[in-house]
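Here's the structure we're looking at; comments come further down.
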Amino acid sequence: MLLNGDCSESLKKEEGTAELPKENGLDEGEPGDETTGQEVIVIQDTGFSVKILAPGIEPFSLQVSPQEMVQEIHQVLMDREDTCHRTCFSLHLDGNMLDHFSELRSVEGLQEGSVLRVVEEPYTVREARIHVRHVRDLLKSLDPSDAFNGVDCNSLSFLSVFTDGDLGDSGKRKKGLEMDPIDCTPPEYILPGSRERPLCPLQPQNRDWKPLQCLKVLTMSGWNPPPGNRKMHGDLMYLFVITAEDRQVSITASTRGFYLNQSTAYHFNPKPASPRFLSHSLVELLNQISPTFKKNFAVLQKKSDFTAAATRGAMAVIDGNVMAINPSEETKMQMFIWNNIFFSLGFDVRDHYKDFGGDVAAYVAPSNDLNGVRTYNAVDVEGLYTLGTVVVDYRGYRVTAQSIIPGILERDQEQSVIYGSIDFGKTVVSHPRYLELLERTSRPLKILRHRVLNDRDEEVELCSSVECKGIIGNDGRHYILDLLRTFPPDLNFLPVPGEELPEECTRAGFPRAHRHKLCCLRQELVDAFVEHRYLLFMKLAALQLMQQKANKETPSSLENGGPPSSAEADSEDSVGPEAGSEEEGSSVSGLAKVKELAETIASDDGTVDPRSREVIRNACKAVGSISSTAFDIRFNPDIFSPGKWVRFPESCQDEVQDQKQLLKDAAAFLLSCQIPGLVKDCTEHAVLPMDGATLAEVMRQRGINMRYLGKVLDLVLRSPARDQLDHIYKIGIGELITRSAKHIFKTYLQGVELSGLSAAISHFLNCFLSSYPNPVAHLPADELLSKKRNKRRKNRPPGAADNTAWAVMTPQELWKNICQEAKNYFDFTLECDSVDQAVETYGLQKITLLREISLKTGIQILLKEYSFDSRHKPAFTEEDVLNIFPVVKHVNPKASDAFHFFQSGQAKVQQGFLKEGCELINEALNLFNNVYGAMHVEICACLRLLARLHYIMGDYAEALSNQQKAVLMSERVMGIEHPNTIQEYMHLALYCFASSQLSTALSLLYRARYLMLLVFGEDHPEMALLDNNIGLVLHGVMEYDLSLRFLENALAVTTKYHGPKALKVALSHHLVARVYESKAEFRSALQHEKEGYTIYKTQLGEDHEKTRESSEYLKCLTQQAVALQRTMNEIYRNGSSANIPPLKFTAPSMASVLEQLNVINGILFIPLSQKDLENLKAEVARRHQLQEASRNRDKADDVATDPEPARAQQEDMGSPQTAKEDPSLSVQG
């Protein structure tokens, strides 16, 4: 088993990109628990390992899967560190060459342990060019500018600046307070109350960040192409190289490989030079002739994937570097193929989306389609395939990149489609195999199998929306595409003549006409709605059963479906209370009986009490179930289809009416349950978004689309706890403004030609953020504009219109448009007509708005201090805009086996088996590494949890090691100032403090505070936690005055967001009191502790241990105050001759500070001996059995509510997929 200590050595390297997947390590014995036997088999079924023999290196084994093609092993070898310099080779098994494109399962004799030999092949001109280009790419990846440009998966990390390298060598450092006195004063801009938000500290300069250089020059020689007589000797081309040692050499690329020749810059002599070294790989030759190259190349590695390739292709398409496959058509209609990927622009060509909203619909359709692809991928039905899909927004254009169905280009689409409709429902076809495959997705996706009429009035059966098309590729696979209407339409944004919406919708001003008719409900909303209905179904049936007062319950027949899987997780946050209010007076025992009824599937001969069957039938009808014997809710995605062709047979009219009602109920559910549930969670701080992206994530998790942001803000404004939602309101307004600005920016950019791009972007930013009243746009210099204007060519790139309309935009006009857009799109009225007014009215920060707009649009700007508020000059010049990046949406592949281990590990931890949990999570980490490579957001979650577990188990060094990797990974994968990175910095600081690395802990906390100030500002509930951490560490190093500044700020913020009577406020008062005690200012200490005592007394009662502790501390403070007063009186009376015992002012012990740090960070330690631990485990096991036994009795409780502590833990340990606001973990006995 791979221990986490050596999980990803590559992280310690400068660039830290992917290592080769290690073997699962599963065959060495199962981790921790006998229950994993089954999982092991599953994993081994999917793959096997082969041995690779490559020239010049040790043989190694490689995990492969039967579905892979031989060429995928090629790619792995080109990405792998010790074989990355080979490109021209074939793989041989038992002396036979393997075909590039054959699947491994079809290779005869290939099995577990087979040996594949890497055989070097002769070069052709094409292969030689590919080889040189690959070596060039490898050499470039060392350049730090690639990290700034995000090239080939490189990214930035600054952790090492704050930790002075690796934290693992803490043993060598001085311990605790024997350290040299440390300077604890933070820079002025980090202190509470500072208004300054500098930008430069975002990227502190790393002192030793010198780019590694392997070569000075690698280029084509001027002596190309080889003359005829040299071609006869096998010369393919010539290269010119200047090594790092300044040696100039000429190299021949021949069919047999690379060697030095005797040519110079002025003299052609292609004969081999000495040493006569022929190497099949250019890298091996350069290793021979340049020691520097050899040393620096060892640090290299490269990673490539479909998303990166598709993104590069999309940029090439917009920049006009790719020839269209239909070049004679108008620009908007052009389509492109690059690297075997198909690209199309997001415009409504041939009036395809005429009925749906034209260009706006065409812009939205690709992201809806991507959501569909993501969903079908997640269900993962054997035999059903989707296309690799990436949506790229770049320079105002949207490009969809898709993999090409084999054979599709040779035939007409009309002939290819054997399922679905190519004209939005006019002609519809179906296919039994597609129906069979899609039927398997219908339960998890809640899609109803239904019939529609085609243009010849024939009934056609579908199990998807009509737009979904099925095409069988030349590879024999069944592909589905155009999944843009996988989910049911959102009726709040789709007015249908003659249809009335429920009162909850009309009260909120719905339905509202949207810009397009493709608005659909999110999958999360559909799942939550079905779960809500399931609870309602249980309640209704329970009420009926009680009314029948039947003494004896008999099980009713249920379809095998039973409740859908989502309903088993009865603890959906927002459902509990709302569902409870639906029907009062339902009795607990009644619910338990229904549960029993519903869960007992009639396996007997069907002798069922008809009355019980009637109960289930009535409840099914009331909640809109499609079955009358079981709870089963599904949606017909074609109901209210905006296409004018979709019609249903007469025989289905009742079903259609029921489906219409279900959609109306779902639209009402979003407004009456989900949005209030979100606001409630925000009020209780169950979720803590810190910026626009985390707010959007929290909304999406609850199935609320971003177009409802205005409604969420309205509800926040009307909330009785308005002050406690201040941070949500600010983030929401900022998001509303920057999203509206992004919409305007998109069309603004489409009219800008390439040479004017930086001028146009800087002008837009000035209008958006600068206080300068009339910024003037700089048009591209006149002397560069050609005197003769070319006739407009048809195939100029999309952005090449000669258009300078953008230059006349003014700040007043832009802000007027932003307010208009906010009203039209989000139905929210903004009260501001300039950036300064917005900042004033809503308490926003310009730096935060700049960050948000840059992230949303892909703008990269120069790192410097911008004077936003100057009224004498604009904040931005065109030199400040460095680049514009594509913003990419794609589907993340899911490593399901690794998730399985991760969840099992979490479950073990929650039962108190920390060690076993640790082992399972290590196993998950190992698998994640195999699937994703060394850098991934899920691996980050694994490392964070492992660090927390090791910390709880007292292994601080291991905790530090894992958390350091987690921070590094979060910086590189999420971003250096992402809210998640801020959290990771805080955890690392805690573990540093526990390991007596006080100055490092402080600089990490200061870094976290600086980042939070940039991302949001000071007034955020999370800032209170951060300031408490900083204050406690400063208290520990006896910086009392500084400590008080942070602790008192934390107290003020906590009081605002939790209310003055909250327990957190009491704790905050106590922390402040302790510092005043250390300063011997007993009056202030007493005042704060009394406040805390009062809160404890009113909230918890006199006898609670917290109240008693506080009372004891008050006594202690009073005694100290009295003693001090006595001493002072003595001095006044007797002057200098006074005989005074020395006063004892104790500095806080490190242990007591650490204890408080653990408390505020939500970590509970249980000091236990080994014997206690054994007893505890036995007790946990006993309780577990008891719970099992009484499960049926307590089922009803579970339906209505969920025990609080369990939920808190559940959230803390949440799946790594979800954005966790508070990843703290408490282990309770």
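The values are calculated or read from the model by the stated rules, or taken from the named source; none is laboratory data. This is a predicted model, so every value here is computed, not measured. We place every Cβ from the backbone using ideal geometry, glycine too, and count neighbours over all the protein chains shown. For accessibility, only protein heavy atoms count, side chains too; no ligands or nucleic acids. Shrake-Rupley method; radii C 1.70, N 1.55, O 1.52, S 1.80 Å.
Within the stretch 720-728, is even one residue surrounded by fewer than 18 Cβ atoms within 10 Å (Cβ to Cβ), at pLDDT below 95 and under 27 Å from L535 (Cβ atoms)? The answer is yes; a qualifying residue exists.
Among residues of the stretch 56-114 being modelled with pLDDT under 85 and of a type in the set (D, E, K, R), the one that is surrounded by the most Cβ atoms within 10 Å (Cβ to Cβ) is R80.
Answer yes or no as to whether Y376 is outside any strand (DSSP E or B), touching a Ser or Thr at 6+ places or on another chain (Cβ under 7 Å) and either surrounded by 16 or more Cβ atoms within 10 Å (Cβ to Cβ) or at pLDDT 85 or above (or both). For Y376, the condition - outside any strand (DSSP E or B), touching a Ser or Thr at 6+ places or on another chain (Cβ under 7 Å) and either surrounded by 16 or more Cβ atoms within 10 Å (Cβ to Cβ) or at pLDDT 85 or above (or both) - is met.
In the stretch 544-573, the residue that is nearest to N636 (Cα to Cα) out of those that are surrounded by 18 or more Cβ atoms within 10 Å (Cβ to Cβ) and modelled with pLDDT of 80 or more is Q544.
Being part of a helix (DSSP H, G or I) and either touching a His at 6+ places or on another chain (Cβ under 9 Å) or without any contact (Cβ under 8 Å) to a residue 12 or more places away in the chain (or both) holds for only one residue in L1067, L1051, and it is L1051. Among the residues of the stretch 1108-1117, is any open to solvent by 30 Å² or more (accessible area, probe 1.4 Å), out of contact with any Leu (no Cβ under 8 Å at 6 or more places or on another chain), more than 22 Å from V1159 (Cα to Cα) and assigned to a loop (DSSP other than H, G, I, E, B)? Within the stretch 1108-1117, not a single residue is open to solvent by 30 Å² or more (accessible area, probe 1.4 Å), out of contact with any Leu (no Cβ under 8 Å at 6 or more places or on another chain), more than 22 Å from V1159 (Cα to Cα) and assigned to a loop (DSSP other than H, G, I, E, B).
Looking at the structure I just gave you, is T400 modelled with pLDDT of 90 or more, farther than 22 Å from E655 by Cβ and not hydrophobic (A, V, I, L, M, F, W, C)? Spell out the reasoning first.
Values: modelled with pLDDT of 90 or more: yes; farther than 22 Å from E655 by Cβ: yes; not hydrophobic (A, V, I, L, M, F, W, C): yes.
Yes: the conditions hold for T400.
Taken over the stretch 892-908, the criterion of being buried (at least 19 other Cβ atoms within 10 Å of the Cβ) and under 18 Å from the mean Cα position of the chain (by Cα) is satisfied by A895, A898, F902. Scanning the stretch 855-876 for residues that are in a loop (DSSP other than H, G, I, E, B) and open to solvent by less than 40 Å² (accessible area, probe 1.4 Å) gives G858, Y866, F868, S870, A875, F876. For the stretch 488-508, does any single residue satisfy the condition of being surrounded by 20 or more Cβ atoms within 10 Å (Cβ to Cβ), within 32 Å of the chain's Cα centre (by Cα) and without any contact (Cβ under 8 Å) to a residue 60 or more places away in the chain? No - not one qualifying residue is present in the stretch 488-508.
Taking the stretch 826-849 as the search range and keeping residues that are of a type in the set (D, E, K, R) and within 30 Å of the chain's Cα centre (by Cα), which one is surrounded by the fewest Cβ atoms within 10 Å (Cβ to Cβ)?
Per the stated criteria, the residue is D827.
Scanning the stretch 449-483 for residues that are within 23 Å of L521 (Cα to Cα) and open to solvent by 10 Å² or more (accessible area, probe 1.4 Å) gives R449, R451, K469, L481, D482. In this structure, does E852 turn out to be closer than 25 Å to P811 by Cβ, of a type outside the set (V, I, T) and crowded, with 21+ Cβ neighbours inside 10 Å? Yes: the conditions hold for E852.
Looking at A1050, A1008, A994, just one residue is at pLDDT 95 or above, more than 28 Å from Y1093 (Cα to Cα) and of a type in the set (G, A, S), and that residue is A1008. Scoring D351 on the criteria (1) in contact with a Gly (Cβ under 9 Å, 6 or more places away or on another chain); (2) open to solvent by less than 10 Å² (accessible area, probe 1.4 Å) leaves a single failure, condition (2).
Among all residues of the stretch 253-264, there is none that is modelled with pLDDT under 90 and either closer than 19 Å to I130 by Cα or not in a helix (DSSP H, G or I) (or both). Taken over the stretch 256-278, the criterion of being polar (S, T, N, Q) and surrounded by fewer than 17 Cβ atoms within 10 Å (Cβ to Cβ) is satisfied by Q262, T264, N269, S274. Looking only at residues of the stretch 115-132 that are β-branched (V, I, T) and open to solvent by 40 Å² or more (accessible area, probe 1.4 Å), we find that the one that is nearest to F60 (Cα to Cα) is V115. If you check L1025, L1047, L1042, L1032 for being more than 31 Å from the chain's Cα centre (by Cα), open to solvent by 10 Å² or more (accessible area, probe 1.4 Å) and not charged (D, E, K, R), only one passes: L1042.
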